[in-house]
Amino acid sequence: MASGQARCPEFMTRFVLSPDNVVTPDIMGKLPGRGVWVTANKSSLDIAIKNGGFARGFKRKVTVPDDLAAHVDRMYLRQLTGLLNMAKKSGRLILGFDQVYGAAGTQPLAWRIEASDGAADGRGKIRSKARAICYEMELPLPGVIACYNAAELGHIFGRGQIIHAAITRGGLATKIQAAVDKLSGFRSLIPQDWPDIEHETRAEYRDDSLRE
């Protein structure tokens, strides 16, 4: 491992070498060849690059792309986007303020999805509803994914623009948790300029009870 520390692969990114010895991310962990693992966050990757961790791990001279961290970030974002699209097809997705607000009062949600450019008032109402039922049932609060704007969410879900969405509990929610864990090491999933950010549940927490 490039860091020299042993960790569970669940929290790491695997890298392999291309035929011309270029360090290449393997976020699914399935590409052939010798792999080098780095903790899935930008700071660990930056240290591995700076300290020659890949050359030591692969035991040869390698080429590290200048935009490697940005490339890993885009790949994890693409993975999360694909899972959100799967949620629509699986029936686990709830779209629109009225629908999400109503569902939040009747069942514990696994994930709240909020447009990064949405208004604080709407998400605050949903947040209060979602918290009430989670407290009542003694379950963790739903994580918040807010790294897409309304137009991007609309594109993912096949609508014009989407401000509010949610995903119900189940196996897919657990897969989303794993994707969120790694993506959050490269970007914030909640905009830092939100006026109500201190009231939001960080998406970067693990909830092993998401599966029904």
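The values are calculated or read from the model by the stated rules, or taken from the named source; none is laboratory data. These numbers were taken from a predicted model, which means no experiment stands behind them. Here the Cβ positions follow ideal geometry from the backbone for every residue, glycine too, while neighbour counts run over all protein chains shown. The accessibility values were calculated without ligands, DNA or RNA, using every heavy atom of the protein model including side chains. Shrake-Rupley method; radii C 1.70, N 1.55, O 1.52, S 1.80 Å.
Give me the percent of DSSP beta bridges within the chain that run antiparallel, rounded to the nearest 5. Of those bridges, close to 80 percent are antiparallel. Label sites at SER188 and SER90, each approximated as a point 7 angstrom past Cα along Cα to Cβ, lie 2.9 nm apart.
Extending 7 Å from the Cα toward the beta-carbon at both HIS71 and ASP98 defines two label points whose distance is 4.8 nm.
Express in nm, to one decimal, how much length is gained between HIS199 and HIS155 on full extension, taking 0.36 nm for each residue of separation and deducting their alpha carbon distance.
13.1 nm
Taking amide H as placed 1.01 Å from N in the peptide plane, the amide H of THR13 sits under 5 Å from that of VAL38, THR39, ALA40, each at least 5 places away or on another chain. In a fully extended conformation the segment linking ASN51 and ASN21 would gain 9.0 nm over its present Cα-Cα distance, using 0.36 nm per residue.
Derived scalar couplings between HN and Hα for region 189-196 equal 8, 10, x, 5, 9, 5, x, 10 Hz in order, rounded to whole Hz, by the Karplus curve 6.51 cos²θ - 1.76 cosθ + 1.60 (θ = phi - 60°), x for Gly and Pro. Once C-alpha pairs closer than 8 Å and six or more residues apart are averaged by separation and normalised to the residue number of the chain, the relative contact order reads 21 percent. Only protein atoms count toward the accessible area here, which uses a 1.4 Å probe; on the chain, the carbon and sulfur part of that area reaches 52 percent. Think of the chain as a dipole: +1 on every Lys or Arg Cβ, -1 on every Asp or Glu Cβ, centred on the Cα centre; then among MET12, GLY185, GLY33, GLY33 lies furthest on the positive end.
Computed from backbone phi, the HN-Hα couplings of region 18-30 come to 6, x, 9, 6, 9, 5, 10, x, 10, 5, 8, x, 10 Hz, rounded to whole numbers (Karplus: 6.51 cos²θ - 1.76 cosθ + 1.60, θ = phi - 60°; Gly and Pro given as x).
Looking at the chain, which longest stretch skips every one of the trypsin sites (Lys or Arg not before Pro) that is in a DSSP loop with at most 15 other Cβ atoms within 10 Å, leaving the sites themselves out?
62-158
In this structure, LYS30 and ASP121 have a Cβ-Cβ separation that, at R0 = 41 Å, corresponds to a calculated FRET efficiency of about 0.40.
For LYS175, the lysines whose Cα comes closer than 29 Å to its Cα, not counting residues fewer than 8 places off in the same chain, are LYS30, LYS42, LYS88, LYS89, LYS125, LYS129.
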